[in-house]
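Here the structure is laid out as structure tokens; the discussion comes afterwards.
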Amino acid sequence: MYSYELNIQILIYIQMNKKLTIALVAHDQRKADMVEWAVFNADTLSAHRLVCTGTTGGLIKEALKEKGIETEIICMHSGPLGGDAEIAAMVVRHEVNLAIFLIDDLNPQPHEADIQMLLRQCRVHNVPIACNRYSADLMITSSLWDNEEYIPKIPQYIKFKR
């Protein structure tokens, strides 16, 4: 997977800069929820770098601009056109510190494989991922982001013997 030393270097970089890269992804039926969440958390989000799938990023950028808030927002492709996969690749390269992915669980998605890939890569590479607003609120406001003594435990994939 990745070395402990690399993980420590990344954590030191985050702690020194206090600027996270936060991925924001929302399916069509959840975009209004994501925009509302981003506006509610605008003060916090404006201190960080945001990377979004295309349409979601455009909507968030527009909503924040209306509130007079300028922040760095990088827009990837739309999810069905590869945006989820692009963000998953960023996770693998340790370029994302937190992901908020508001998923439409009530309707089938044509790019389900990409969705599962992004979720899996966040789990494998130990990137916190929130899939609803409540967990997103808890993660974005966690005091652990500013706790210099906190080092996330690296996932261990060890065969369990019964």
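The values are calculated or read from the model by the stated rules, or taken from the named source; none is laboratory data. Predicted model, so just to flag it, every value in this text is computed and none were measured. No Cβ is skipped: glycine too gets one built from the backbone with ideal geometry, and neighbour counts run over all protein chains shown. When the accessible area is computed, the model is the full protein with side chains, heavy atoms only, and any ligands, DNA or RNA have been set aside. Shrake-Rupley method; radii C 1.70, N 1.55, O 1.52, S 1.80 Å.
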query: For region 115-125, which residues satisfy the criterion of being open to solvent by less than 50 Å² (accessible area, probe 1.4 Å) and either farther than 16 Å from Arg30 by Cβ or in contact (Cβ under 8 Å) with a residue 60 or more places away in the chain (or both)?
result: Leu118, Gln121, Cys122, Val124, His125
message: For region 142-159, which positions are surrounded by 10 or more Cβ atoms within 10 Å (Cβ to Cβ) and aliphatic (A, V, I, L, M)?
response: Leu144, Ile151, Ile154
query: Among the listed residues Pro110, Pro128, which satisfies the condition of being open to solvent by 20 Å² or more (accessible area, probe 1.4 Å) and either touching a residue at least 40 places away in the same chain (Cβ under 8 Å) or more than 19 Å from His48 (Cβ to Cβ) (or both)?
result: Pro110
- line: Across region 76-104, the tally of residues that are touching a residue at least 12 places away in the same chain (Cβ under 8 Å) and open to solvent by 60 Å² or more (accessible area, probe 1.4 Å) stands at 5
- request: Within region 64-75, track down each residue that is under 12 Å from Ala38 (Cα atoms) and either surrounded by fewer than 16 Cβ atoms within 10 Å (Cβ to Cβ) or of a type outside the set (Val, Ile, Thr) (or both).
  value: Leu64, Lys65, Lys67, Ile69
task: Could you look through region 14-54, keep only residues that are in contact with a Gly (Cβ under 7 Å, 6 or more places away or on another chain) and over 15 Å from Arg133 (Cβ atoms), and pick out the one that is least open to solvent (accessible area, probe 1.4 Å)?
output: Thr53
- request: Find the helices (runs of 4 or more DSSP H) located wholly in region 12-129 whose residues include 1 or more that are closer than 30 Å to Glu149 by Cβ, and list them.
  value: 31-40, 42-45, 83-92, 112-124
